[in-house]
Amino acid sequence: MIKERKVLVTGSSDGIGRSITLSLLNSGAKVIGLARDHSKFNPEMKNYIKYKTDFSNEEILLNTIAKIINEHRDLDCLVSNAGFGKFGTLETFSTKEINDFIFTNLTSHMILTNKILPHLKKIRKGNIIFIGSESALKGGKNGSLYSAAKFGLRGFSQSIREESCSKNIHVSLINPGMVRTSFFNNLDFMPGEDKSNAIEPDDIGKIIIDILSTRNGSVIEEINLSPLKKVIKFL
């Protein structure tokens, strides 16, 4: 039951993470919200526990994860969502930009899983849900960094699923197309204005609840979610 779950959600203060957090809280789950800035979303709910971290800083991230695992022994689910978009031709990015982007959008997910997985294996139950992207299915123009991170996350999730199923751990991946969030605020494109041109964040929140409500003997491995009518608006 959802009411018996304690879920760590990364990037919980905005966009997809915020909607996932609200869906979980409204379903009765306890949520540990992990974000860089909690001023965007700070619900006064007894089941919401917030931690601040920097997903681009390995030391800070490791210290935060260790604290969470130590203070929440009943944690049994990770929704690994944090990340950002950066698009352009490959030669326009510096080596530092490439390294920083891959760390936040791929390596940080791997580090989180690396630290939380032993705990889940010890209690012999749990869910790990990664928020990927349709960019994990097909590379596109100006999306080399983003696709590299999301292709990597997809392969990582498949391997972790095979490694963990014998310990009663369910690993799932959600690959959404364009979602109408602040993700596009600093980009030169966005979904079209019609409601059918983008996924709503609440759509993904509902899918999280569906995954966590699935019978224990089954696992939803991967979900690909797209807008009904794909339209891109260039700014």
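Taken together, the values in this text are just the output of simple stated rules run on the coordinates, not laboratory data. The shown structure was predicted, so the numbers you read here are calculated from the model rather than taken from an experiment. All Cβ positions, glycine included, derive from the backbone under ideal geometry; neighbour counts span all protein chains shown.
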_Search result, residues across segment 36-79 that are within 21 Å of residue 5 (Cβ to Cβ), among the hydroxyl-bearing types (Ser, Thr, Tyr) and either in contact (Cβ under 8 Å) with a residue 60 or more places away in the chain or out of contact with any helix residue (DSSP H, G or I) (no Cβ under 7 Å at 6 or more places or on another chain) (or both)_ = 64
*For segment 124-143, how many residues meet the condition of being out of contact with any Cys (no Cβ under 7 Å at 6 or more places or on another chain), among the small types (Gly, Ala, Ser) and not in a helix (DSSP H, G or I)?*
5
_So residue 150, is it charged (D, E, K, R) and surrounded by fewer than 21 Cβ atoms within 10 Å (Cβ to Cβ)_ = no
*Among the residues of segment 145-204, write down those that are in contact with a strand residue (DSSP E or B) (Cβ under 8 Å, 6 or more places away or on another chain) and small (Gly, Ala, Ser).*
157, 164, 172, 177, 192, 198
*Selection count where residues are small (Gly, Ala, Ser) and touching a helix residue (DSSP H, G or I) at 6+ places or on another chain (Cβ under 8 Å), scope segment 185-225*: 2
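Would you pick out the residues in segment 26-40 that are more than 19 Å from residue 126 (Cβ to Cβ) and surrounded by 19 or more Cβ atoms within 10 Å (Cβ to Cβ)?
Within segment 26-40, the first condition is being more than 19 Å from residue 126 (Cβ to Cβ), and the residues that meet it are 26, 35-40.
Across segment 26-40, the qualifying residue is only 35.
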*surrounded by 14 or more Cβ atoms within 10 Å (Cβ to Cβ) and farther than 23 Å from residue 68 by Cβ - does that describe any residue in segment 102-121?*
yes
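Does residue 218 fit the bill of being surrounded by fewer than 15 Cβ atoms within 10 Å (Cβ to Cβ), touching a His at 6+ places or on another chain (Cβ under 9 Å), small (Gly, Ala, Ser) and without any contact (Cβ under 8 Å) to a residue 60 or more places away in the chain? I'd like the intermediate steps shown before the answer.
Values: surrounded by fewer than 15 Cβ atoms within 10 Å (Cβ to Cβ): yes; touching a His at 6+ places or on another chain (Cβ under 9 Å): yes; small (Gly, Ala, Ser): yes; without any contact (Cβ under 8 Å) to a residue 60 or more places away in the chain: yes.
Judged against the criteria, residue 218 is a match.
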*For segment 30-86, what are the residues that are assigned to a helix (DSSP H, G or I), over 14 Å from residue 11 (Cα atoms) and over 18 Å from the mean Cα position of the chain (by Cα)?*
59, 60, 63, 66, 67, 69, 70, 71
*Do we have residue 202 as surrounded by fewer than 19 Cβ atoms within 10 Å (Cβ to Cβ), touching a Ser or Thr at 6+ places or on another chain (Cβ under 7 Å) and within 20 Å of residue 84 (Cα to Cα) here?*
yes
